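Student: Let me begin by handing over the structure; questions about it come next.
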2 protein chains.
Amino acid sequence: MNTRLSERKETILQLIVNSFIQYPEPVGSKTLLQRSGLGVSPATIRSEMNELERLHYITHPHTSAGRLPTDKGYRYYVDHLLGQETSETEKIQARITALKHKIKSIDEFFSTVSNLISDFTSQVGVIVFPVLDELNFRYANLIYLSENKVLVVWATMSGLIKEQIVHLDKAVDPELLQHIANFMNQEFFGMPFHAIKAHMAKRISELERSYNKLATIADQIVSESIAARQERKVWIDGMSHIFAEPEFQEITTIKPLLEAFDQRERIAKVFEHDRTVDGITTTIGEENDTAEFKSCAIVRRNFYITDSLCGTLSVLGPRRMDYAKIFTAVEFVSGFVSNVFKEEKLF
Amino acid sequence: MNTRLSERKETILQLIVNSFIQYPEPVGSKTLLQRSGLGVSPATIRSEMNELERLHYITHPHTSAGRLPTDKGYRYYVDHLLGQETSETEKIQARITALKHKIKSIDEFFSTVSNLISDFTSQVGVIVFPVLDELNFRYANLIYLSENKVLVVWATMSGLIKEQIVHLDKAVDPELLQHIANFMNQEFFGMPFHAIKAHMAKRISELERSYNKLATIADQIVSESIAARQERKVWIDGMSHIFAEPEFQEITTIKPLLEAFDQRERIAKVFEHDRTVDGITTTIGEENDTAEFKSCAIVRRNFYITDSLCGTLSVLGPRRMDYAKIFTAVEFVSGFVSNVFKEEKLF
DNA sequence: TTTAGCACTCTAAATATATGAGTGCCAAGC
DNA sequence: GCTTGGCACTCATATATTTAGAGTGCTAAA
């Protein structure tokens, strides 16, 4: 399975993949020879191709067509045949540096970053930011809307703001709300949101005697807005790049993709990444669990907010992608984002 | 120009538009006769059609094809021939009522509403919410990030939260920030954001002597985050409905649409509406200024936040739309949204 | 092991043909 | 003076036919 191909087979596979990435048509032995300085005849190439096909690295759509890579072929290419292509790093670096001084809000920041990555790669850029749950509490602000409606504003240590309306069972007045807010800000500062519910439960028994009402309401606010199901934030950019790809020139192929992107919550799950995975991951074609993306490849890379917490930056495109270029871009940009959170202390 | 057509011409135009809305093909005199109980021969219909074509209400793509409405035809249809179709109002009403008790945040609320309207109409739903500028100040929160970086959180009276990072020219400490926040909250409460800049300028001369530093920094925060160009919020839902429309079955026709939707700020401008316009507005085909939407129709309706301030709820679809159904949906849903802001005092 | 030669395959493009829905116009009829 | 049946004409769409050429696999010789 994991055996290495002969050197010439590797070269030919690499040439086929490169050719197919550049020109979206199956390539034949003769054309391949022309495009590379390979010192053998078409017939030789053909017999090697025959072998590669037998091993399922390449295939051809019909008898008289050229060869193109299979998922397995792409996989081998990505794992073994990808030369470091450092061509465009300066360009990326330049735009990233320019960005550094313009960060205005997390929302705008990620919106810009997803645009950046999509621009560099000419593919769809997706960023998934972790749920509130996994972030740390900075402060809460409670705004009186009516006697049983409160607008709750949560701020995280990393600068994310989340607001939410809570319908209370008991009536409140603005003064009591202020007390509750003070209480929360004292109690929860720096605490991860997921720990708050439990902390609240512990404190409530102690409090109930003296501050019955305060405790009950604070508890309801925590239950309904922190403990309730939270949505991850997702930024998607450059969906129209899909139209440039020759494999997506028919509505029947584009439609499912765009429909999938209409479902943000699902997209968040698909593009999220295990936080323990460091470095770039690629899933190619059938390796993707999501039906809609089985004709695509996804390149993912975590960026880090704290040591234990991360978001994911991804690129989605056709299997026929310039992986070298995309790897460089993803590596750089995700590194930049991690930096913003860690070393630069921008948030 | 604004003259009324003869009754029979109106009937025929109406039949043509209705037929074309239901079946996306030009309709001929014979087919039209079959589909309607019109008591005249095809030849008669043909001569009437001829007349209607001479008056530019209908056209035909080639000699041997049936007729279809022009923009002018649709316009006449929308202005004069639209019967009240009250068929689905209960269904809409039901889903709206169910929604009322689940409002959690402005973001989620509009995300749900745009989904609702897109669902009812089977077209693209767009909601534009006014810029911060036009809303009223509730409170500001200043969070110390580093000695010259502040996270500013603005809350509006209507419950919208906006956060922004400001890079300060002068260094601050958390205590000073707290003073500035207190100052702002006292000074600006209830004031429309667009008035704050001027108010600040007026106060700064009085203050400068005693609170030099506070005033300078407060001024910078106001200038950089309130006075700076603000983005309207936009929610778009149901873009994949476009794929169901027969006039958008080729990538060349879909691509420009989706590319336009990638540019949020532009979309906001296109779908925004003059606040003085009350009631539904329709722009059909060439009536749309935006090049990308000249093959579409847009139905817009303002909803009201205060007497002088409003957002817009719109539906975008092909010219060949079921206007009656869409008018009903837009009317109901925008009415509901206005209600949420005004009478129900949810925010 | 490599290669030239050759018969064979199959798509894609180009061309030809047929179908039929729809039109405009005219002369006859109510 | 409308209305209508009849008829020649038009033109997009669908189907069938042909052609060109890129590419293959196989074989036999180097």
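Student: Hey, does the range A:145-152 have a residue that's out of contact with any Cys (no Cβ under 9 Å at 6 or more places or on another chain), of a type outside the set (Lys, Arg), in contact (Cβ under 8 Å) with a residue 24 or more places away in the chain and part of a helix (DSSP H, G or I)?
Tutor: No: zero hits.
Student: Within the range B:88-111, which residues are modelled with pLDDT of 85 or more and touching a strand residue (DSSP E or B) at 6+ places or on another chain (Cβ under 9 Å)?
Tutor: The answer is B:109, B:110, B:111.
Student: Kindly check whether there is at least one residue in the range B:37-55 that is more than 16 Å from DNA strand D (Cβ to nearest atom), surrounded by 13 or more Cβ atoms within 10 Å (Cβ to Cβ) and not aliphatic (A, V, I, L, M).
Tutor: Among the residues of the range B:37-55, not one is more than 16 Å from DNA strand D (Cβ to nearest atom), surrounded by 13 or more Cβ atoms within 10 Å (Cβ to Cβ) and not aliphatic (A, V, I, L, M), which makes the answer no.
Student: Just to check your reading of the model, which residue among B:93, B:123 is surrounded by fewer than 16 Cβ atoms within 10 Å (Cβ to Cβ) and assigned by TED's automatic domain parsing to the domain that holds residue B:336?
Tutor: Within the list B:93, B:123, the selection yields B:93.
Student: Within the range A:253-265, how many residues are more than 9 Å from every other protein chain (Cβ to nearest Cβ) and without any contact (Cβ under 8 Å) to a residue 24 or more places away in the chain?
Tutor: Of the residues in the range A:253-265, 1 are more than 9 Å from every other protein chain (Cβ to nearest Cβ) and without any contact (Cβ under 8 Å) to a residue 24 or more places away in the chain.
Student: Moving on to the next point. How many residues does the range B:117-137 contain that are assigned to a helix (DSSP H, G or I) and within 14 Å of chain A (Cβ to nearest Cβ)?
Tutor: So the count comes out to 3.
Student: Check the range B:283-292 and report whether any residue there is in contact with a strand residue (DSSP E or B) (Cβ under 7 Å, 6 or more places away or on another chain), within 14 Å of chain A (Cβ to nearest Cβ) and on the phi < 0 side of the Ramachandran plot.
Tutor: Taking every residue of the range B:283-292 in turn, none turns out to be in contact with a strand residue (DSSP E or B) (Cβ under 7 Å, 6 or more places away or on another chain), within 14 Å of chain A (Cβ to nearest Cβ) and on the phi < 0 side of the Ramachandran plot.
Student: Then there is this: Filter the range A:25-45 down to the residues that are out of contact with any strand residue (DSSP E or B) (no Cβ under 9 Å at 6 or more places or on another chain), without any contact (Cβ under 8 Å) to a residue 24 or more places away in the chain and more than 10 Å from residue A:12 (Cβ to Cβ) and list them by number.
Tutor: Correct list: A:30, A:33, A:34, A:37, A:39, A:41, A:42, A:43.
Student: Same structure, new question: For the range B:47-65, indicate whether the set of residues that are within 23 Å of residue B:244 (Cα to Cα), within 13 Å of DNA strand C (Cβ to nearest atom) and outside the structural domain of residue B:322 (by TED's automatic domain parsing) is non-empty.
Tutor: yes
Student: In contact with a strand residue (DSSP E or B) (Cβ under 9 Å, 6 or more places away or on another chain) and more than 14 Å from chain A (Cβ to nearest Cβ): which single residue out of B:188, B:183 fits that description?
Tutor: Only one candidate passes the filter, namely B:188.
Student: Hey, could you check the range B:1-44 for residues that are within 8 Å of DNA strand C (Cβ to nearest atom) and over 24 Å from residue B:246 (Cβ atoms) and say which is farthest from the chain's Cα centre (by Cα)?
Tutor: B:43
Student: Give me the helices (runs of 4 or more DSSP H) completely within the range A:33-116, filtered to those with at least 1 residues that are under 30 Å from residue B:166 (Cβ atoms) and out of contact with any Ser or Thr (no Cβ under 7 Å at 6 or more places or on another chain), ordered by residue number.
Tutor: It comes to A:89-100.
Student: Next up: Of all residues in the range A:154-174, which are of a type in the set (Asp, Glu) and under 34 Å from the mean Cα position of the chain (by Cα)?
Tutor: Result: A:163, single match.
Student: Conditions: (1) loosely packed, with under 12 Cβ neighbours inside 10 Å; (2) within 15 Å of DNA strand C (Cβ to nearest atom). Residue A:102 meets all but one. Number of the miss?
Tutor: Result: residue A:102 fails condition (2) only.
Student: So which of B:214, B:142, B:177 ends up being under 37 Å from the mean Cα position of the chain (by Cα) and crowded, with 18+ Cβ neighbours inside 10 Å?
Tutor: B:142
Student: Quick one: would you say residue B:140 is out of contact with any Pro (no Cβ under 8 Å at 6 or more places or on another chain), of a type in the set (Gly, Ala, Ser) and assigned by TED's automatic domain parsing to the domain that holds residue B:335?
Tutor: no
Student: Based on this model, can you work out whether residue B:140 counts as among the aliphatic types (A, V, I, L, M), within 14 Å of another protein chain (Cβ to nearest Cβ) and in a helix (DSSP H, G or I)?
Tutor: no
Student: Is it the case that some residue within the range A:304-311 is crowded, with 19+ Cβ neighbours inside 10 Å and within 21 Å of residue A:241 (Cβ to Cβ)?
Tutor: Looking through the range A:304-311, none of the residues is crowded, with 19+ Cβ neighbours inside 10 Å and within 21 Å of residue A:241 (Cβ to Cβ).
Student: Of the residues that sit in the range A:61-87 and are near DNA strand D (Cβ under 10 Å from one of its atoms) and modelled with pLDDT under 95, which one is nearest to residue A:10 (Cα to Cα)?
Tutor: Top of the filtered list is A:66.
Student: Could you check how many residues of the range A:1-32 are of a type in the set (Gly, Ala, Ser), closer than 17 Å to residue A:61 by Cα and assigned to a loop (DSSP other than H, G, I, E, B)?
Tutor: Qualifying residue count, the range A:1-32: 1.
The values are calculated or read from the model by the stated rules, or taken from the named source; none is laboratory data. Owing to the predicted nature of the structure, the values given are computational and were not obtained by experimental measurement. Don't worry about glycine lacking a Cβ; one is built from the backbone with ideal geometry, like all the others, and counts go over all protein chains shown.
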